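> Encoded as structure tokens, here's the structure I'll be asking about.
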Amino acid sequence: MADRVPARTLVESLSSGFEEFAAPEPATAPDGPLGWPGYDEQRARAAAAGADEAVLCGRGTVGGREAVLIAFDFGFLGGSVGEAAGARIAAAFERAGDLRLPVVSLIASGGSRMQEGIRALAQLQTIARACLLLRQARLPHIAVLRHPTTGGMWATLGASADVVLALPGAAVAFGGSRVRAPGDDEEPFTAEGKLATGQIDQVVGPDELPAALARAVDLLHPERLVRPPRPAEVPRALTDHPEPGTGWEAVRRARAADRPRAPEYLDRYFETRFALSGDRCGGVDPGMLCGLGMREGRPVAFAAQTGTANTAAGFRTAARLIRLADQLGIPVLTLVDTPGAANDGAAERAGVGPAIAEVFTAVAEARVPITTLVVGEGGSGGALALAAPERTWITPDAYFAVIAPELSAAILKRGTEDAAELAGWMRLRPQDLLELGFAAGVAAR
């Protein structure tokens with residue numbers, strides 16, 4: 001069942017003090033730009049239900065922060081976008097830039113309005129430019145995908161947002177159900193399918209949506225930011241172990257099953273967290289935790305490895321997170337813990353090399369400070385990609401190496417029993433990394 005909640009009812013349930021923006025002057029040609037027979041009457045009948053267009057735009061308070069809201073009314077010609085709706089959306093983005101406010105798009109749309117033909121389709125370019133200008137102004141855009149979000153409104157307004165939430169069961173697809181090939185599996189065309197393939201961040205139930213939206217707006221709001229951004233604090237180590245005596249002891253300690261992992265560090269570091277998921281290219285890696293957290297009243301973005309061999313999707317998600325933080329002026333914390341990047345055939349087909357390159361580039365380009373703590377294994381380039389030059393700390397339970405000692409033995413045509421000896425020669429202990437100038441310090445408890 002399509003989302004028939006009137007736009008005004010929706011914005012009033014998610015915000016307080018909502019004030020509608022004055023709408024740009026609409027086109028006055030009879031029956032629209034194509035002279036579509038009966039189009040004027042169609043719009044008049046749709047307006048009789050209470051909405052005068054497919055979108056309602058204004059400003060209101062979400063949680064405790066002001067934002068610009070764009071709410072679609074599916075009851076008005078299926079939430080379709082023509083020239084008038086496109087002009088409203090673009091004007092709302094422009095007002096957000098003038099007011100220095102985030103944009104929240106509450107989408108329920110079948111796409112472009114066919115009664116206005118190419119003039120309606122061209123609104124996608126207008127909307128894409130409006131989204132770009134907001135991004136260039138370093139302001140956030142949060143989208144909520146309702147049922148349905150299809151066609152151009154998914155491919156421009158929804159998919160381009162910095163944070164994308166969706167309601168359970170919502171149809172989310174470029175092709176709507178009436179234009180797809182018959183017999184297609186429905187799952188890829190749903191919010192749940194988009195979450196599984198890394199195209200959205202969270203599926204949020206209607207009862208949880210107000211709180212989730214308020215958290216996202218609060219974490220991303222320009223009022224929260226300190227300029228220039230201060231570096232994120234180095235997390236404290238979660239054990240008080242002494243520094244390891246040998247390289248092999250460092251490796252064994254980092255691989256211990258009971259060693260603290262990234263989720264424990266994140267729980268201790270942040271008062272609250274908001275997860276961002278997926279690489280926007282069809283992939284999700286549960287071994288790369290990304291999102292935004294609140295620490296002592298200010299937001300910090302995080303990308304944290306959890307001890308697995310990360311895939312191309314994981315690295316692309318981390319790169320996306322770092323670029324978003326840099327765009328908005330939010331400092332970044334990275335937690336390094338991986339035996340190395342995935343190196344099987346599936347990883348190569350997925351482009352793991354270019355994905356790692358994306359992270360190296362994102363770190364190198366970042367204008368915001370990045371703080372790194374190595375909490376476990378630092379395995380080669382898959383770990384180094386997340387490490388901030390000159391701002392990397394390490395715990396006593398961790399090591400960092402150009403390659404794992406066992407793989408070093410294999411390359412040198414020596415037996416695995418020689419791995420312990422090679423670990424010593426590799427100088428991979430925390431104190432070695434400090435002496436060699438790689439680590440800025442060893443984290444204390």
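What follows is calculated from the coordinates using simple rules that are stated; it is not laboratory data. Predicted model only: the values in this text are computed from it and were never measured. Heads up, the Cβs are rebuilt from the backbone with ideal geometry, glycines too, and the neighbour counts pull from every protein chain shown.
> In percent, how large is the relative contact order of the chain, given Cα pairs closer than 8 Å and 6 or more residues apart?
So the answer I get is 11 percent.
> What value, in deg cm²/dmol to 500, does the helix sum -39500 (n - 2.57) over DSSP H runs of n ≥ 4 give at 222 nm once divided by the residues of the chain?
Mean residue ellipticity, 222 nm, calculated: -9500 deg cm²/dmol.
> Along the charge dipole of the chain, Cβ charges K/R +1 and D/E -1, which of G245, T308, P37 sits furthest on the positive end?
G245
> Here is a follow-up. Quick one: among T416, T61, T246, which has the greatest mean-square fluctuation in a GNM of the chain with alpha-carbon springs under 10 angstrom?
Among T416, T61, T246, the largest GNM mean-square fluctuation belongs to T416.
> A further question on this structure: State the extension gain, in nm to one decimal, for the chain segment bounded by E19 and R230, taking 0.36 nm per residue of separation less the distance between their alpha-carbons.
Net length gain for the segment: 72.5 nm.
> Among L384, L373, L133, determine the one that fluctuates most according to a GNM of the chain built with springs between C-alpha atoms less than 10 Å apart.
For the chain, modelled as a Gaussian network with Cα springs under 10 Å, the answer is L133.
> Also: Cα centroids of the range 96-119 and the range 6-84: how far apart, whole angstrom?
Answer, in whole Å: 10.
> What are the residues whose amide H is under 5 Å from the amide H of G175, where those residues sit 5 or more places off or on another chain and H is modelled from the backbone?
G151
> Further, regarding this structure: Note down the nm distance, to one decimal, between modelled labels 7 Å out along Cα→Cβ at E296 and at L34.
About 6.0 nm separates the two model spin labels.
> Can you check what the net charge comes to around T338, using other residues whose Cβ is under 14 Å from the Cβ of T338 (Lys, Arg +1; Asp, Glu -1)?
Net of charged neighbours comes to 0.
> Further question on the same structure: Need the full-extension length gain, E365 to R323, defined as separation in residues times 0.36 nm minus the C-alpha distance. One decimal, nm.
14.3 nm
> How big is the C-alpha Rg of the chain next to the rule-of-thumb value 2.2 N^0.38 Å, as a ratio?
This ratio for the chain stands at 1.12.
> Next up: Once you have the Cα-Cα distance between D267 and A48, take 0.36 nm times their residue separation minus that, and quote the gain in nm to one decimal.
Fully extending the segment from D267 to A48 adds 73.7 nm.
> Still on this structure, please answer the following. Can you say what percent of the DSSP beta bridges in the chain, counting only those with both residues inside, are antiparallel? Round to 5.
Of the beta bridges lying entirely in the chain, close to 40 percent run antiparallel.
> Now, a different point. Among all helices in the chain defined by DSSP H, which have a length of 15 Å or more along the axis from Cα atoms plus a Kyte-Doolittle mean of at least 1.0?
The qualifying helices are 209-220, 352-365.
> Tell me, which longest segment in the chain has none of the GluC sites (Glu not before Pro) that fall in DSSP loops with at most 16 further Cβ atoms within 10 Å?
It runs 1-185.
> Please give the net charge around F438, taking every other residue with its beta carbon less than 13 angstrom from that of F438, where Lys and Arg add +1 and Asp and Glu add -1.
Neighbour charge sum, excluding F438 itself: 0.
> Further question on the same structure: Based on Cα positions only, what radius of gyration and what Dmax would you give for the range 312-353, in angstroms?
Rg then Dmax for the range 312-353, in Å: 12.6, 37.
> Provide the percentage of antiparallel DSSP beta bridges, counting only those with both residues in the range 103-243; round to the nearest 5.
5
> Additional query: For A27, what charge total do you get from the other residues with a beta carbon under 13 Å from its beta carbon, if Lys and Arg give +1 and Asp and Glu give -1?
Net local charge, A27 excluded: -2.
> Continuing with the same structure: What translational diffusion coefficient, in µm²/s and rounded to a whole number, does the Stokes-Einstein relation yield for the range 7-222 at 20 °C and a viscosity of 1.002 mPa s, taking the hydrodynamic radius as the Kirkwood radius over Cα pairs?
D, rounded to a whole number, is 124 µm²/s.
> Report Rg (one decimal) and Dmax (nearest whole number) for the range 312-445, counting Cα atoms only, units Å.
Answer for the range 312-445, Rg first and Dmax second: 15.6, 50 Å.
> Shifting gears a bit: Springs between alpha-carbon pairs under 10 angstrom, Gaussian network model over the chain: which of W154, W425, W393 fluctuates most?
W425
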